[in-house]
Amino acid sequence: MRVMGGQSGAGAPARLLPWTGAGGRPCYLVGSGTGYVARRADEVEEIQLDMAYELLGHAEGLLSGTDATAPQLHFLASRLSESLEQVQRIAESRGTRLEAALAGARPQVNSDTRP
């Protein structure tokens with residue numbers, strides 16, 4: 001789901017934040033994306049990505065052996081699922097912002113200036 005917002009109705013996409021609100025509902029940031037909340041969101045995304053890499057290392061270690069118990073595997077699968085959800089949210093947020101930046105960088109064709 002994409003939310004459009006921005007200043008003065010500019011149509012800039014709202015940033016999907018790396019956390020959820022009440023009831024697991026998505027949170028969005030509307031604005032220039034340079035303030036405190038945007039910086040905090042960047043920090044949270046970095047922490048979530050670092051934790052995902054660490055979790056993958058833990059999973060590799062646990063799964064390389066044959067002595068993992070069912071509770072250990074259940075716990076690992078639960079944490080991997082949570083991490084994947086976070087990484088997916090980050091990818092969606094960054095993809096939307098990248099699309100908006102690329103769209104803004106494309107030259108506008110004016111029918112009056114065509115040869």
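The values are calculated or read from the model by the stated rules, or taken from the named source; none is laboratory data. All values reported here derive from a predicted model rather than from experimental measurement. Glycine also receives a Cβ, built like all others from the backbone with ideal geometry; neighbour counts cover every protein chain displayed. Keep in mind that these areas ignore ligands, DNA and RNA; they rest on the heavy atoms of the full protein, side chains included. Shrake-Rupley method; radii C 1.70, N 1.55, O 1.52, S 1.80 Å.
Some points to look at:
- Carbon and sulfur %, accessible surface of the stretch 23-115 computed with the full protein complex present, 1.4 Å: 56 percent
- Taken along the Cα-to-beta-carbon direction at a fixed 7 Å, the label points for Leu56 and Leu76 span 1.6 nm.
- Built amide H within the under 5 Å cut-off of Ala14, gap 5+: Val3, Met4, Gly5
- Here the stretch 5-100 is treated as a sphere whose radius is the Kirkwood value from Cα pairs; by Stokes-Einstein at 25 °C and 0.890 mPa s it diffuses with a coefficient of 161 µm²/s.
- Near the amide H of Cys27, within less than 5 Å, lie the amide hydrogens of Leu17, Trp19, Gly21, all on another chain or at least 5 residues away, with H placed in the peptide plane.
- Residue by residue, the stretch 48-65 carries 3J(HN,Hα) couplings of 4, 5, 4, 5, 5, 5, 5, 5, 4, x, 5, 4, 4, x, 5, 7, 6, x Hz when phi is fed to the Karplus relation 6.51 cos²θ - 1.76 cosθ + 1.60 (θ = phi - 60°); x denotes Gly or Pro.
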